[in-house]
């Protein structure tokens with residue numbers, strides 16, 4: 001039985017006439033990596049702000065760890081960074097982390113270990129204001145990990161970083177995910193979510209359109225890209241197989257969309273038995289981007 | 001509670017501006033002692049301020065707490081800026097995300113206010129005691145430790161004033177505007193008091209007594225006219241002083257009520273605000 005970390009039920013936030021979050025419900029289970037996807041202004045940050053005690057909800061409810069603790073007590077077991085890294089500019093990296101230790105009520109021994117993890121150990125005595133954005137973001141991750149949190153919440157962690165910085169942060173997230181920490185990652189960058197997340201929540205205009213696994217997002221079995229010695233015969237054979245919903249030609253290649261599960265080897269064997277030799281066979285899944293666009297378009 | 005104070009102390013200890021202002025504040029408090037050095041020596045006319053009785057026990061308690069309370073503006077700047085910088089650095093938001101509750105946040109600031117006030121009281125007491133022991137004409141224990149009510153007044157005055165600053169810092173979010181607001185408030189109190197005395201003199205003293213800044217300044221009345229030299233000069237001119245210089249219980253209650261209101265107000269504002 002998996003452990004529930006966070007439950008949102010019918011959460012709504014209105015800013016005057018604007019509904020930023022509309023009746024959003026989802027559950028975060030321990031051990032998974034979640035992505036909250038949505039274009040800018042879809043209510044991702046507001047939703048996170050509510051569960052993190054900085055934005056007041058209008059209606060609905062949320063519970064941390066089955067609702068047995070107050071929000072601020074629960075947050076001591078959570079690591080979170082929202083939007084930009086917020087620290088005291090006049091303090092050094094280490095002093096900032098000491099302060100966070102005091103707030104969270106954890107011993108200061110962890111500071112060195114976490115600074116090492118994010119590669120800032122040699123800059124521990126530098127003032128925060130002297131850090132580059134990438135370093136600030138890494139310090140924020142170190143700070144969020146100080147209490148070895150049950151869940152790490154990241155809101156647009158690679159925003160504004162250069163490619164090198166983006167890579168560093170992503171590698172770090174992957175590393176943390178491998179260690180079994182539950183992660184909730186809000187982003188509008190689909191490939192980012194696709195690379196690290198197992199589950200997604202899709203928001204648009206404050207409403208959640210989909211909640212579930214990445215794989216289950218679209219009930220599609222993928223598609224085949226084929227090229228054979230005789231394209232006409234190939235097309236005809238595929239059409240007669242009854243396994244595809246549609247087949248189209250793109251240049252020299254045929255693209256056939258599956259309507260039932262079929263693996264590439266089995267298809268290859270069947271075609272070979274019918275005298276068709278393939279020079280190109282590739283099975284692909286729709287990218288998260290295709291699926292995302294499809295979901296947001298349909299609704 | 002100790003944890004909350006520790007959190008604030010880390011914030012203050014590492015900030016150079018705060019350190020400079022705090023050191024400057026206590027340095028200036030120490031400078032009260034320099035009043036003793038005021039000496040005019042012009043031919044036949046010799047004047048040594050320390051000999052005029054201002055350092056006599058228990059008058060010194062009144063005089064020094066009155067002078068020292070002018071310097072509270074220094075600490076007010078720290079308190080306003082320690083609050084507004086939490087907004088501008090967005091560290092308030094981060095503190096809450098890290099697991100501090102809004103109540104704890106306000107409480108940690110209020111504890112700092114109390115700490116500043118206690119330290120200031122102790123410091124002024126120590127400086128005055130030393131000055132008094134050097135210059136006072138009376139040194140019986142009973143006289144030395146009489147009239148300590150001025151320290152109650154001084155403490156309540158500081159706590160009330162700093163709580164007001166804290167409230168303004170939270171309300172306005174920008175330190176310069178918050179201090180501007182403080183000055184504006186003083187002006188508003190002055191103008192409305194003026195109007196009251198002009199239009200409705202009967203109720204004016206009653207009403208203005210409840211003004212926050214006025215109530216704070218009422219706690220310790222100006223000690224100048226109580227001085228022996230001034231008094232005797234006035235007597236010669238036929239003026240009579242019947243002023244009560246004591247710290248009034250009602251004033252203490254009024255200021256404490258304002259303090260409670262400011263702190264609760266700070267919490268209420270923070271609670272309903274989306275950060």
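The values are calculated or read from the model by the stated rules, or taken from the named source; none is laboratory data. Every value quoted in this text rests on a predicted model; they were computed, and no experiment measured them. Using ideal geometry, Cβ is built from the backbone for each residue, glycine included, and neighbour counts are taken over all protein chains shown.
For the range B:1-20, the criterion of being more than 14 Å from every other protein chain (Cβ to nearest Cβ), part of a helix (DSSP H, G or I) and closer than 26 Å to residue B:216 by Cβ is met by no residue. The listed residues are A:274, A:297, A:283, and the only one of them that is surrounded by 14 or more Cβ atoms within 10 Å (Cβ to Cβ) and on the phi < 0 side of the Ramachandran plot turns out to be A:283.
Residue A:109 meets each of the listed conditions (1) within 28 Å of the chain's Cα centre (by Cα); (2) more than 13 Å from every other protein chain (Cβ to nearest Cβ) apart from (1). Considered as a group, the residues in the range B:56-113 that are outside any helix (DSSP H, G or I) and either within 15 Å of the chain's Cα centre (by Cα) or farther than 26 Å from residue A:128 by Cβ (or both) include one that is farthest from the other protein chains (Cβ to nearest Cβ), and that residue is B:56. Answer yes if at least one residue in the range B:169-177 is modelled with pLDDT of 90 or more and surrounded by 20 or more Cβ atoms within 10 Å (Cβ to Cβ), and no otherwise. Checked the range B:169-177: at least one residue is modelled with pLDDT of 90 or more and surrounded by 20 or more Cβ atoms within 10 Å (Cβ to Cβ). Residue pairs, Cβ under 6 Å, 6 or more apart or interchain, first in the range A:231-248 and assigned to a loop (DSSP other than H, G, I, E, B), second surrounded by 16 or more Cβ atoms within 10 Å (Cβ to Cβ). List them. Cβ pairs passing all conditions: A:243/A:262. The residues listed here are A:75, A:97; of these, the one that is at pLDDT 90 or above and within 8 Å of chain B (Cβ to nearest Cβ) is A:75. Total residues in the range A:187-243 satisfying the condition of being in contact with a helix residue (DSSP H, G or I) (Cβ under 9 Å, 6 or more places away or on another chain), surrounded by fewer than 17 Cβ atoms within 10 Å (Cβ to Cβ) and at pLDDT 85 or above: the figure is 3. Any residue at all in the range A:144-160 that is out of contact with any helix residue (DSSP H, G or I) (no Cβ under 8 Å at 6 or more places or on another chain), within 12 Å of chain B (Cβ to nearest Cβ) and assigned to a loop (DSSP other than H, G, I, E, B)? Within the range A:144-160, one or more residues are out of contact with any helix residue (DSSP H, G or I) (no Cβ under 8 Å at 6 or more places or on another chain), within 12 Å of chain B (Cβ to nearest Cβ) and assigned to a loop (DSSP other than H, G, I, E, B).
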